[in-house]
1. What are the residues in region 227-237 that are within 19 Å of Met384 (Cα to Cα) and either away from the ligand (no atom under 13 Å from the Cβ) or assigned to a helix (DSSP H, G or I) (or both), if any?
2. Against the conditions (1) at positive phi; (2) within 16 Å of the ligand (Cβ to nearest atom), where does Gly71 fall short? Just the number, please.
3. Sort out which residues of region 11-37 are over 20 Å from Cys53 (Cβ atoms) and not hydrophobic (A, V, I, L, M, F, W, C), and write them in order of number.
4. Starting from residues that are free of Cβ contacts under 8 Å to residues at least 40 places away in the same chain and closer than 28 Å to Gln181 by Cα, keep the ones in region 327-350 and report whichever is farthest from the ligand (Cβ to nearest atom).
5. Name the pairs: first residue in region 174-203 and touching a residue at least 40 places away in the same chain (Cβ under 8 Å), second residue buried (at least 20 other Cβ atoms within 10 Å of the Cβ) and in a loop (DSSP other than H, G, I, E, B), Cβ to Cβ under 6 Å, at least 6 apart or on different chains?
6. Tally up the residues in region 1-30 that are assigned to a loop (DSSP other than H, G, I, E, B) and surrounded by 11 or more Cβ atoms within 10 Å (Cβ to Cβ), please.
7. Looking at Gly375, Gly408, Gly392, which is the one that is under 22 Å from the mean Cα position of the chain (by Cα), among the small types (Gly, Ala, Ser) and under 15 Å from Leu249 (Cα atoms)?
8. Restricting attention to region 239-249, does a residue exist that is out of contact with any Asp or Glu (no Cβ under 7 Å at 6 or more places or on another chain), of a type outside the set (A, V, I, L, M, F, W, C) and surrounded by fewer than 17 Cβ atoms within 10 Å (Cβ to Cβ)?
Amino acid sequence: MSDKAILEYKGQKYEFPVVEGSENEHAIDIKTLRAVTGGLITIDPGYKNTGSCESAITFLDGEKGILRYRGYSIEELAEKADFLEVAYLLIFGELPSKKELQKFNNDIREESYVDEEMKNILDGFPKSAHPMGVLSSLTSALIAFNPIPVDIDSEEEMYSAVVRILAKFPILVVWALSKRQGMPLNYSDGRLGYVENIHKMMFKRPHREYQKNKVVVDALDNLLILHADHEQNCSTSTVRIVGSSHAGLFASISAGVSALWGPLHGGANQAVLEMLEAIVADGGDTKKYMAKAKDKNDPFRLMGFGHRVYKNFDPRAKIIKKAADEVLHDLGVDDPILEVAKGLEKEALEDQYFIDRKLYPNVDFYSGIIYRALGIPTEMFTVMFALGRLPGWIAQWREMRQRKEPIGRPRQIYIGENLRPFVDIEKR
Ligand code: ACO
């Protein structure tokens, strides 16, 4: 017999089924709560205790520091797979065969262009515009140039929508960067792999040949894999909730980009690097910044530390820390910021404030150091995160639509004024 939870309220008992996931997670199913109790709802700002859906894409255990995509550990995927394979896995549920991967790659190549008129939209932005704002707007604008509705019951149409966005989104990412840097807008090179092509579009300059650097392309590939999905985080929930109104894939992804922008979410990687730069410029006194982070009267937080779900090491941070050491070594980069980051991490891990609150480095603590070593400007870090997260957003949107989930529409407890008579403007 399956478990039940009993709620007692005003002398009445109500029974609710308990749902069990494949990793023994349990949730009280309160779908009937309001109906059977005559209006009772739950309240959970920030959704700390609320499961918004059942999902078969990503499993994470924040207490144990486990992250798996479709059952494969992030450590194994980061070591053995490439980004496009991981994208396929996340979106379609299984690792692709050689033939499937080849087709996927070719189909993406065929769609790797955007309408020339998109450049007019890009031209409308000032050079100072943050690339995340530009990316979100351009993604939304893509709809106008690809106004093909997707029949979500057709595997074929779903596949081609997935291919189109995976092909076109990196061009928008690169153009957002080129705009910022005042560089010509590069196009896709169909002879290259997915990530190498992105790297070439980012760094090809009109006056010199593009030189492939395997260390750099592999590091980029790895970072994109580590960011590819993270179950129901802020931006992914945004993608699912926007998509639940049956807004299209591009519109949902555009909303995801905006949600990712914030410094409490994807924007943290930019904030981490700015924080580390400020500490170095201020003489490298990590103790001073540790004290600020702990001072409740000071709004400063140690960026790149803490996570809503991980109350243990973020497994991605472990991989990225090792990669940062290797990449900087391979590229011969000696960056004082890496030493400051390691110093801060060591102090925080030994500090009672951080221990008590289970605050560990998250994925963003070291990623910016690698991006910087790869020559990616700081304000592009969150855009790189969006590029990595794209397959996850697509997979979650596809799952939500295929499961025919209802429109996302939370309720509230109203705490405003009760009914009162209108006051004429002369009497206010
Ligand atoms: N520095 C100092 N104190 C912190 C930090 C931090 N980075 N993070 C949390 N705390 C403290 C809070 O002040 C709070 O203390 P209190 O209990 O004495 O009031 C306690 O730890 C719990 O923090 P909350 O903000 O309630 O935790 P929540 O789960 O809501 O927030 C978050 C998680 C937003 C990630 C938070 O840890 C934070 O702001 N970190 C810095 C920003 C960051 O790195 N974000 C990236 C997250 S990863 C990602 O999105 C990809």
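1. Passing the criteria: Cys234, Ser235, Thr236.
2. Failed condition: (2).
3. Residues satisfying the conditions are Gly11, Gln12, Lys13, Tyr14, Glu15, Thr37.
4. Gly332
5. Taking only residues 6 or more apart or on different chains, the pairs are Ser188/Ser112; Asn197/Ser188.
6. Matching residues across region 1-30 total 6.
7. So the residue among Gly375, Gly408, Gly392 that is under 22 Å from the mean Cα position of the chain (by Cα), among the small types (Gly, Ala, Ser) and under 15 Å from Leu249 (Cα atoms) is Gly392.
8. Yes; the residues of region 239-249 include at least one that is out of contact with any Asp or Glu (no Cβ under 7 Å at 6 or more places or on another chain), of a type outside the set (A, V, I, L, M, F, W, C) and surrounded by fewer than 17 Cβ atoms within 10 Å (Cβ to Cβ).
The values are calculated or read from the model by the stated rules, or taken from the named source; none is laboratory data. None of these values were measured; they are calculated from a predicted model. So basically every Cβ, Gly included, is an ideal-geometry build from the backbone, and we count neighbours across all protein chains shown.
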